[in-house]
Amino acid sequence: MTPEIDLAKYIDHAVLDFTVTKDRVKQACSEAEHFQFPAVCVYPCHVYYAAELLHNKKPSVCAVIGFPSGMSTTTTKLYEANEAVENGASELDLMPNLGLLKEGELERFYLEIAQITQEAGKPVKVILEMSLLSPSEKQTAAEIALQAGANYLKTSTGFFGGVNLEDVQLLAGLTKGRVGIKASGGIRTVDQALALIAAGANRLGTSRGVELVSSMQAENT
């Protein structure tokens, strides 16, 4: 028997492969409604459709911005974020330009995040892509994102390596409960999901949410 925890309430149901169709978005929205996931995470091109499907329903629509590389301009990301909100997004997962962090352009790195958090008017999860950062860069990126108004710190996109417990624990120690933590990338088992939650994750970004929740329900029956 697994611990008494409602795993579904942690799931950001990701629909982010590179060949996503409207049919798959529709299926994901139906799944999210059935399991009462907090959010369905989609590309900006699918926000309006997902928002229509989930109108007056519990799951939020989360749009990814600058995803997955973060290398579009700040102006482009601002437009993308504002358009996503206009189309019905209630949350944004922002990929910042980590090249600025690597170059030591910390003010520009801060300003990009701050502009979007201030203008969007919706909760913003800043993706730190921890697998690409050194230990000192992880701390610097997290601290700047916090100063810039991030509502969540997200470990990764899933395209450059998966999440690990150490990174979630690091973020939990840095944030001290001030913002949420979204663990994302390579979450494949119930045990792994529960361990990430125990380490401090408030949300789990995964395309396997249905499989994970169904597996946990089966174990507890």
Given Lys57/Lys176; Lys22/Lys58; Lys26/Lys176; Lys22/Lys125, which pairs have Cα atoms separated by over 27 Å? Lys57/Lys176; Lys26/Lys176
Find which of Ile5, Gly158, Thr21 sits farthest along the positive direction of the dipole of the chain, computed with +1 on the beta-carbon of Lys and Arg, -1 on that of Asp and Glu, about the Cα centre. Ile5
Quickly work out the Arg188-to-Asp6 label distance, labels modelled 7 Å from Cα along the C-beta direction, and quote it in nm with one decimal. 3.0 nm
With a 1.4 angstrom probe the carbon and sulfur portion of accessible area for the chain, in percent, totals 49 percent
Between Asn56 and His34, what is the label-to-label distance in nm when each label sits 7 Å out along the Cα-to-Cβ direction? 2.3 nm
Dipole of region 1-156, positive direction: furthest Cα of Ala114, Gln36, Ala145, with charges on the beta-carbon: Gln36
Once you keep just the Cα pairs under 8 angstrom separated by 6 or more residues, what percentage relative contact order results for the chain? 18 percent
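Report, in deg cm²/dmol and to the nearest 500, the calculated mean residue ellipticity at 222 nm for the chain, where each DSSP H run with n ≥ 4 adds -39500 (n - 2.57) and the sum is divided by the residue count.
-13500 deg cm²/dmol
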Hey, what did region 128-221 get for relative contact order, percent, Cα under 8 Å, at least 6 apart? 25 percent
Calculated diffusion of the chain, Stokes-Einstein form, Kirkwood radius summed over Cα pairs, 20 °C and 1.002 mPa s, µm²/s: 124 µm²/s
Given R₀ = 41 Å, what would the calculated FRET efficiency be for Ala218 paired with Leu111, taking r from the Cβ atoms and rounding to 0.05? 0.30
What whole-number value in Å² describes the accessible area per residue of region 91-221 for a 1.4 Å probe? 41 Å²
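Let me know the charge dipole size of the chain about its Cα centre in debye, to the nearest 20, where only the beta-carbon of Lys, Arg (+1) and Asp, Glu (-1) is charged.
200 debye
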Going by average Cβ neighbours within 10 Å, how do the peptides 48-59, 31-42, 176-187 rank, with the highest at the top? 31-42, 176-187, 48-59
Using the crude model of +1 on Lys and Arg Cβ and -1 on Asp and Glu Cβ, and no other charge, please compute the dipole size for region 21-60 relative to its Cα centre, in debye to 20. 20 debye
For Ser207, residues with placed amide H under 5 Å, excluding near neighbours: Ala14
Expected vector for region 151-157, Karplus 3J(HN,Hα) from phi with 6.51, -1.76, 1.60 and θ = phi - 60°, integer Hz, x for Gly and Pro, equals 8, 9, 10, 10, 6, 6, 7
For region 8-17, what does the Karplus curve 6.51 cos²θ - 1.76 cosθ + 1.60, with θ = phi - 60°, yield as ³J(HN,Hα) per residue in whole Hz, taken in order and with x for Gly and Pro? 4, 6, 9, 8, 8, 6, 8, 10, 10, 6
Lone cysteines in the chain, going by a 4.7 Å Cβ-Cβ cut-off? Cys29, Cys45
Identify which of Thr155, Thr19, Thr175 has the largest mean-square fluctuation in a Gaussian network model of the chain, with springs joining Cα atoms closer than 10 Å. Thr19
For region 1-77, with every protein chain kept in place, what is the accessible area per residue (1.4 Å probe, Å²)? 50 Å²
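The values are calculated or read from the model by the stated rules, or taken from the named source; none is laboratory data. Predicted model only: the values in this text are computed from it and were never measured. Methodologically, a virtual Cβ is constructed for each residue, glycine included, from the backbone with ideal geometry; neighbour enumeration extends over all protein chains shown. These area figures cover heavy atoms from the full protein model, side chains too; ligands, DNA and RNA do not enter into them. Shrake-Rupley method; radii C 1.70, N 1.55, O 1.52, S 1.80 Å.
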